[in-house]
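The values are calculated or read from the model by the stated rules, or taken from the named source; none is laboratory data. Being a predicted model, the structure only gives us computed values, none of them experimental. Using ideal geometry, Cβ is built from the backbone for each residue, glycine included, and neighbour counts are taken over all protein chains shown. Remember, those area values only see protein heavy atoms, side chains included, never the ligands or the DNA or RNA. Shrake-Rupley method; radii C 1.70, N 1.55, O 1.52, S 1.80 Å.
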Amino acid sequence: MTFFGKFGKGAVRVAAAGALSLAAGAALAQDRINFAMPSVGMLYLPVYVAEQMGYFADENIDPNLQVFKAGGGTSMAAVLGGDMDVYIGSTSAALRAASKDTNAVIAGALMTQYASNVVMRGAYAEEKGLTEDSSIEDRLAALEGARIGVTGAGSGTHQLALYMLTEAGLDPERDATVNFVGGSNEILAAFSRDRIDAFTLSNPTSDTAIADFDGFMLFNTAAGALPDLDGHLYISVNTRRAWLDENPDLARRMMAALQRAQEAMHDPDTTEEARDMVYEAYFERFDKELFDRAWTSVVPAYPTSPEITREQMERVVTFLETFSDEKFEGLDIDSAYTNELFDTASN
């Protein structure tokens, strides 16, 4: 059901649950959904919450969560190729796929804030003359010559790096070095050993870099520090049209579980329980107090409904065209996303 190497204590519980399910007989067999995700991080909290709080189980769903460290493009390709069912990740990567393959469809909003924070080495920030009072323009300009760590090619972290360099008037291929490093562990290892000067990744990795490795918060994007990206549809539920058509009921049950998770994260009566269960299953290597603060900071970036608006899609296109020579004149935005799954999810 769930396995992220050493991240998944939940795997033990899942194995036990699987044994019980087998003993109960085929009548209780759950429907498997294979989720492709670029990393382990707080960008994907509704999926973790739905799993740990039992919302998937309530919908008779067995979630198989797989990490594709090569990035969002690879994750989406695995979905379109039929190896996985759903890509949980960057809307930008999914929309890029939809511009080339009409089978790609964005089926729900999970995070409506570009919450991959940007952290720079403290010594490097000092060398660049940055302070807490530095302007957005000065912070962007400080990226010139920097080695910027991102999770993988085509990921939201990669796209954010390209966007910032372009906004600074820099050439991403000539004026800085973008390194495909991997997930949280790899990012922190490279950062702590001065192998990268900055990185883009969500809480609690960004908080840990600041607390433990003298990091400087260049942009707290989860709090809207880059105004043009404030309210950006960052993380979404992405799949292929053929899978939706073949599994309409399963897809609606999946979305119902995810919306229930979004609501639980905002509900004062359930948010701490959800936080603690997700921490124990996926983030126990991080300091608990730091994780709790990160949870409080990032929850506002999640909507309570996964419904998508056309305006959100148009903003994603504008974002991509900021740093890409490849335009989207032929893209049918209205066919690239759907709200068809919410008649059940909203009940």
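Annotations for the structure displayed:
- Percent carbon-and-sulfur accessible area, segment 269-347, ignoring ligands, DNA and RNA, probe 1.4 Å: 42
- Per-peptide average of other Cβ atoms within 10 Å, ordering 209-216, 258-265, 165-172, 304-311 highest first: 258-265, 209-216, 165-172, 304-311
- Sorting the segments 322-334, 69-81, 229-241 by their mean number of nearby beta carbons within 10 angstrom, highest to lowest, gives 229-241, 69-81, 322-334.
- Both the radius of gyration and Dmax for segment 164-267 are 18.4, 50 Å, in that order, over alpha-carbon atoms.
- Residue-count net charge about Arg240 - beta-carbon cut-off 15 Å; Lys, Arg +1, Asp, Glu -1: -3
- The distance between label points at Lys288 and Phe213 comes to 2.5 nm (points 7 Å beyond Cα on the Cα→Cβ vector).
- 11 Å beta-carbon shell around Phe56, net charge (K/R +1, D/E -1): -2
- Charge dipole of segment 287-332 about the Cα centre (unit charges at C-beta), most positive-ward option of Met313, Val299, Phe323: Val299
- Potential lengthening between Thr131 and Asn60 on full extension [0.36 nm per residue; Cα-Cα distance subtracted]: 20.4 nm
- Highest-first arrangement of 267-275, 282-290, where packing means the average Cβ count within 10 Å: 282-290, 267-275
- Between segment 105-158 and segment 174-244, the alpha-carbon centres lie 7 Å apart.
- Taking the empirical scaling 2.2 N^0.38 Å for compact globular proteins as reference, segment 237-347 has a Cα radius of gyration ratio of 1.33.
- Helical mean residue ellipticity (222 nm; -39500 (n - 2.57) per DSSP H run of 4+; nearest 500) of the chain: -12000 deg cm²/dmol
- Within the accessible area of segment 78-150, the carbon and sulfur atoms contribute 41%, probe 1.4 Å, all protein chains present.
- Rounded tilt (10° steps) of 288-298 against the dominant C-alpha axis of the chain: 90
- Net charge dipole, the chain: roughly 960 debye, given to the nearest 20, about the Cα centre with Cβ charges of +1 for Lys and Arg and -1 for Asp and Glu.
- Here the chain was treated as a single set of alpha-carbon atoms; its pair distances binned every 10 Å from 0 give 6, 26, 35, 23, 8, 1, 0 percent.
- About its Cα centre, the dipole of segment 270-333 is roughly 120 debye, where the only charges are +1 on Lys and Arg Cβ and -1 on Asp and Glu Cβ.
- Solvent-accessible area per residue in the chain equals 40 Å², computed with a 1.4 angstrom probe and all protein chains kept.
- Cβ-placed point charges (K, R +1; D, E -1), dipole of segment 147-228 about Cα centre in debye, nearest 20: 160
- Phi-based couplings in Hz for segment 311-321 (Karplus 6.51, -1.76, 1.60; Gly and Pro marked x): 4, 4, 5, 5, 5, 5, 4, 4, 4, 5, 6
- For segment 257-316, a/c is not less than 1.5, where a ≥ b ≥ c are the root eigenvalues of the C-alpha gyration tensor, and a/b tops b/c. That puts it in the prolate class.
- Between 0 and 90°, nearest 10: helix 156-167 axis offset from the chain longest Cα axis: 30
- Karplus (6.51, -1.76, 1.60) ³J(HN,Hα), θ = phi - 60°, over segment 221-232, in Hz, Gly and Pro reported as x: 5, 4, 9, x, 5, 9, x, 5, 9, 5, x, 5
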